[in-house]
Amino acid sequence: MTTDQNLMLYAKLAGFRLVVLANRFGCDSGFSLELHDRLVEGLDAAIARIQVMIALERRVLTGEHEFAEYQLQGETEIFGRFTINLLDDLEIDDDTREYRINGGNWINALTADDNGIDIAYPELVALTEEQLGSLVPIVEEITRETGIPVHAAHAVCGGRSQG
């Protein structure tokens, strides 16, 4: 991305942050407040990444740091995979048959009994529009305008919520 693109993205993210903070005043439950707070945290993290990329671009343009171009490429790649998770984040390691939720401890997905071995990973179940409430249009607009996906899902294993 160019400096101009990063500045435009920065402005959009800062604007969305203000919209979410204003929308937060209409929350009628603790769950809704939590979703709003997590979205603000995610937007703050995206803004911080953009600020790093802008600083690296400045270093590349002035030639003050010889590795700045490589760092900028790395930051750009990382930002390209950036996602905002409002609830649960699920990581699965297929090699070890383990999973973890929200960066917690790794949990073995293998179970064994008289019937054999079973591998049971949790699934992410998306929140409904009713559960997201007034955040639905904001989340959709963030993804459309910035390209940053916003996920709102619970980790569910065997019919019960994890996390």
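Observations on the model:
- Among the residues making up region 79-92, those that are in contact with a helix residue (DSSP H, G or I) (Cβ under 7 Å, 6 or more places away or on another chain) and within 12 Å of Arg49 (Cα to Cα) are Phe79, Phe82.
- Verdict on Ala14 being among the small types (Gly, Ala, Ser) and at pLDDT 95 or above: yes
- Members of region 1-30 found to be out of contact with any His (no Cβ under 7 Å at 6 or more places or on another chain), over 19 Å from Arg144 (Cα atoms) and surrounded by 13 or more Cβ atoms within 10 Å (Cβ to Cβ), listed by number: Thr3, Leu21
- Complete set of residues in region 75-89 that are over 29 Å from Ser32 (Cβ atoms) and surrounded by 12 or more Cβ atoms within 10 Å (Cβ to Cβ): Glu75, Thr76, Ile78
- Single residue of region 90-130 satisfying the filter (open to solvent by 80 Å² or more (accessible area, probe 1.4 Å) and within 18 Å of the chain's Cα centre (by Cα)) that is nearest to Pro149 (Cα to Cα): Leu124
- In the set (1) under 17 Å from the mean Cα position of the chain (by Cα); (2) modelled with pLDDT of 90 or more, the condition left unmet by Leu7 is number (1).
- Residue pairs meeting the criteria (Cβ under 8 Å; at least 6 apart or on separate chains; first closer than 22 Å to Ala152 by Cβ, in region 101-117; second open to solvent by less than 70 Å² (accessible area, probe 1.4 Å) and part of a loop (DSSP other than H, G, I, E, B)): Ile101/Asp88; Ile101/Asp89; Ile101/Pro122; Ile101/Gln162; Asn102/Asp88; Asn102/Asp89; Gly103/Asp89
- Across region 131-152, the number of residues qualifying as under 26 Å from Thr76 (Cβ atoms) and open to solvent by 40 Å² or more (accessible area, probe 1.4 Å) comes to 8.
- Considering region 121-142, the residues that are outside any helix (DSSP H, G or I) and free of Cβ contacts under 8 Å to residues at least 40 places away in the same chain include one that is farthest from Asp95 (Cα to Cα), namely Thr128.
- If you go through region 82-98 and pick out every residue that is over 21 Å from Val40 (Cβ atoms) and either in contact with a Gly (Cβ under 7 Å, 6 or more places away or on another chain) or not hydroxyl-bearing (Ser, Thr, Tyr) (or both), you end up with 8.
- When we screen Ala45, Ala55, Ala68 for residues that are at pLDDT 95 or above, among the small types (Gly, Ala, Ser) and open to solvent by less than 60 Å² (accessible area, probe 1.4 Å), the only hit is Ala45.
The values are calculated or read from the model by the stated rules, or taken from the named source; none is laboratory data. From a predicted model like this one, the values you see are computed outputs, not experimental measurements. Counting neighbours? That spans all protein chains shown, and the Cβs are built from the backbone with ideal geometry, glycine included. Protein only, heavy atoms only, side chains kept; ligands, DNA and RNA dropped before computing areas. Shrake-Rupley method; radii C 1.70, N 1.55, O 1.52, S 1.80 Å.
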